[in-house]
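Colleague: Provided herewith is a single structure, encoded as structure tokens, for subsequent inquiry.
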Number of protein chains: 2
Amino acid sequence: MLATLEPDMGLVRAPATRSDAFSRPSLGSTRAYRKDEEIFAEGDDADHFYRVVSGVVRTYKLLSDGRRQIDAFHLPGDIFGAEPHGVHRFTAEAVGDVSLVGYRSRSIEATALDNPALARDVLAATMESLARAQEHMLLLGRKSATEKVATFLLGLAERMTSGGVVDLPMTRIDIADHLGLTIETVSRSLTQLERQGVITLPANRRGVVLKDRAALRRLRA
Amino acid sequence: MLATLEPDMGLVRAPATRSDAFSRPSLGSTRAYRKDEEIFAEGDDADHFYRVVSGVVRTYKLLSDGRRQIDAFHLPGDIFGAEPHGVHRFTAEAVGDVSLVGYRSRSIEATALDNPALARDVLAATMESLARAQEHMLLLGRKSATEKVATFLLGLAERMTSGGVVDLPMTRIDIADHLGLTIETVSRSLTQLERQGVITLPANRRGVVLKDRAALRRLRA
DNA sequence: CGCGAAATTGAGGATACTCAACATCCGTGG
DNA sequence: CCACGGATGTTGAGTATCCTCAATTTCGCG
């Protein structure tokens with residue numbers, strides 16, 4: 001589906017499903033953001049959308065009283081911030097130091113007709129985001145705390161993997177706001193998984209060693 | 001954004017943001033489905049995607065033990081079922097009797113290049129679904145039962161509206177599985193809203209009269 | 001009019017939250 | 001290089017919200 005039209009130029013490692021119009025440096029410009037820096041805010045004009053080169057980005061929405069829901073963490077290769085109505089519907093921030101390529105949003109409309117390859121790639125990326133969102137709604141609406149954490153760890157492992165050890169670049173607060181839990185519950189769930197021998201938490205707490213993926217998959221529900 | 005390229009032919013009332021390549025009857029074929037009939041199942045080949053002509057469609061995912069999350073209800077004008085990987089990631093069923101137009105999915109890829117207008121419309125529809133999904137994740141992860149129900153009622157009212165009275169074509173089970181609640185909690189929340197004078201529940205229970213939208217908006221969080 | 005499905009209501013309980021204390025980490029500066 | 005302090009994370013006790021189980025009512029349809 002949506003097969004690659006041009007070869008990946010290898011500037012950035014991209015997931016297999018992502019194609020390549022994004023790899024043409026001429027279309028976008030790279031910029032660096034520091035930890036916790038805002039990339040855009042909910043309500044801002046959506047002049048640009050972005051592809052992650054390195055680092056992790058969180059996108060979230062807030063309720064008026066401050067409750068926060070992080071809808072996704074965006075890893076290298078991911079596209080985010082493309083909007084249908086010219087206004088960003090969520091806020092995007094750098095989790096750690098981040099490098100992004102920005103693309104002018106007008107290209108989506110203006111070049112939908114004369115740059116179909118780009119339009120197709122944005123479509124593929126958007127469909128991918130939607131699929132992830134649907135999976136995440138299942139988690140938020142119907143999974144227990146332990147199931148949520150197990151799902152989260154396995155999902156991260158699949159995307160960031162480097163055998164066994166998963167990096168956790170985000171804080172417990174971020175994880176909690178992504179899974180619809182509190183930080184205490186996230187912490188307790190991780191501790192519980194460790195006591196069951198399914199994972200190990202290194203001293204610095206910014207990573208997780210998956211000791212028993214089969215058990216994690218069972219716990220994921 | 002994504003401005004209309006061809007005039008709406010008026011076959012079906014579509015949201016303002018939806019454009020019109022879908023209104024060309026030549027591209028798709030209409031089919032009727034009866035109440036609770038399956039349109040496609042999770043895992044099926046995604047040969048087609050669909051636009052709702054009349055009626056309501058639910059799309060959902062299941063956990064192995066039967067827990068269900070309805071990610072969206074699709075109303076007339078909505079597009080659903082377009083997939084990035086040729087396989088449907090959720091099941092779609094008719095809530096009541098439904099009429100749909102089906103489009104061959106290969107058109108997405110095959111005609112992305114030679115039918116950019118169609119590709120652009122699918123992109124717009126997909127972005128719209130993603131925006132709804134993000135809003136719904138906020139609801140699922142961070143809202144209380146009453147806030148969920150208030151949000152749901154107002155959302156339906158905006159989309160189905162016919163002054164004051166909102167039709168509820170779906171059962172309490174469907175509503176519960178959409179909001180991440182149980183049917184008992186949905187029922188109690190509705191009763192509570194009624195006791196507060198914010199809504200009225202007609203005898204047949206398949207509709208809701210919104211007596212005080214301002215109050216509902218406050219309760220929505 | 002009667003039956004089965006859907007919805008409501010109630011009582012009790014479990015999961016996750018709140019509030020709080022404590023531990024650990026990490027960067028800063030002496 | 002070590003000590004300090006703020007930020008981050010863990011653990012505990014008590015509680016609230018929502019769930020489970022169950023009984024009852026109401027509705028829709030033959």
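Colleague: Can you give the accessible area of residue B:60, probe radius 1.4 Å, in Å² rounded to 10?
Modeller: Around 20 Å² of this residue is reachable by solvent.
Colleague: If amide H atoms are built 1.01 Å from N in the plane of the peptide, which residues on other chains or at least 5 residues away come under 5 Å of the amide H of residue A:72?
Modeller: Under 5 Å from the amide H of residue A:72: A:59.
Colleague: Report the label-to-label distance for residue B:31 and residue A:196 in nanometres (one decimal), using points 7 Å from each Cα along the Cα→Cβ vector.
Modeller: A separation of 4.1 nm, rounded to one decimal place.
Colleague: Further question: In segment A:21-140, what percent of the accessible surface is made up of carbon and sulfur (1.4 Å probe, ligands and nucleic acids excluded)?
Modeller: 47
Colleague: When Cβ neighbours within 10 Å are restricted to other protein chains, what is their mean count per residue of peptide A:79-89? Don't jump to the answer; show the numbers that get you there.
Modeller: Values: counts 0, 0, 0, 4, 4, 12, 7, 2, 1, 0, 6.
So the per-residue partner count for this stretch is 3.
Colleague: Considering only the label points, 7 Å along Cα→Cβ from Cα, what distances in nm to one decimal separate residue A:206 from the same position in each other copy, shortest first?
Modeller: Reported distances to equivalent positions: 5.9 nm.
Colleague: A follow-up question, please. Apply the Karplus curve 6.51 cos²θ - 1.76 cosθ + 1.60, θ = phi - 60°, to the phi angles in segment A:165-172 and return the couplings in whole Hz, x for Gly and Pro.
Modeller: Coupling constants for segment A:165-172: 9, 9, 7, 10, x, 9, 6, 5 Hz.
Colleague: To continue, here is another question. Taking R0 as 56 Å, what's the FRET efficiency between residue B:214 and residue B:99 from their Cβ-Cβ distance, rounded to 0.05?
Modeller: On the way: r = 36 Å, r/R0 = 0.64.
For residue B:214 and residue B:99, the calculated efficiency is 0.95.
Colleague: Which whole-number percent is the relative contact order of segment B:21-140 (Cα, under 8 Å, 6+ apart)? Walk me through the numbers on the way to the answer.
Modeller: Working: 225 pairs, mean separation 41.5, N = 120.
For segment B:21-140, the relative contact order is 35 percent.
Colleague: Given R₀ = 41 Å, what would the calculated FRET efficiency be for residue B:42 paired with residue A:203, taking r from the Cβ atoms and rounding to 0.05? It would help to have the intermediate numbers written out before the result.
Modeller: Numbers: r = 42 Å, r/R0 = 1.01.
The computed FRET efficiency comes out at 0.50.
Colleague: If a/c stays under 1.5 just call it rounded; otherwise compare a/b with b/c (prolate if a/b is bigger, oblate if not). Do that for segment B:95-203, with a ≥ b ≥ c from the square roots of the Cα gyration tensor eigenvalues.
Modeller: prolate
Colleague: Follow-up. Decide, for segment B:21-140, between rounded, prolate and oblate: order the square roots of the alpha carbon gyration tensor eigenvalues as a ≥ b ≥ c, take rounded if a/c falls under 1.5, and otherwise choose prolate if a/b is larger than b/c, else oblate.
Modeller: On the way: a/c = 1.61, a/b = 1.36, b/c = 1.19.
It is prolate, given that a/c is not under 1.5 and a/b is the larger ratio.
Colleague: Kindly state, to the nearest 0.05, the FRET efficiency for residue A:182 paired with residue B:145, given R0 = 25 Å and r defined as their beta-carbon distance. Don't jump to the answer; show the numbers that get you there.
Modeller: Numbers: r = 17 Å, r/R0 = 0.70.
Taking R0 as 25 Å, the efficiency between residue A:182 and residue B:145 is 0.90.
Colleague: Could you pull out the pairs from A:148/B:148; A:35/B:61; A:148/B:211; A:148/B:143 whose alpha carbons sit more than 28 Å apart here? If you can, show how the numbers build up before the last one.
Modeller: Numbers: A:148/B:148 20 Å; A:35/B:61 36 Å; A:148/B:211 38 Å; A:148/B:143 17 Å.
The answer is A:35/B:61; A:148/B:211.
The values are calculated or read from the model by the stated rules, or taken from the named source; none is laboratory data. Not measured: the values here are computed from a predicted model. We place every Cβ from the backbone using ideal geometry, glycine too, and count neighbours over all the protein chains shown. All accessible areas refer to the heavy atoms of the entire protein, side chains included, with ligands and DNA or RNA removed. Shrake-Rupley method; radii C 1.70, N 1.55, O 1.52, S 1.80 Å.
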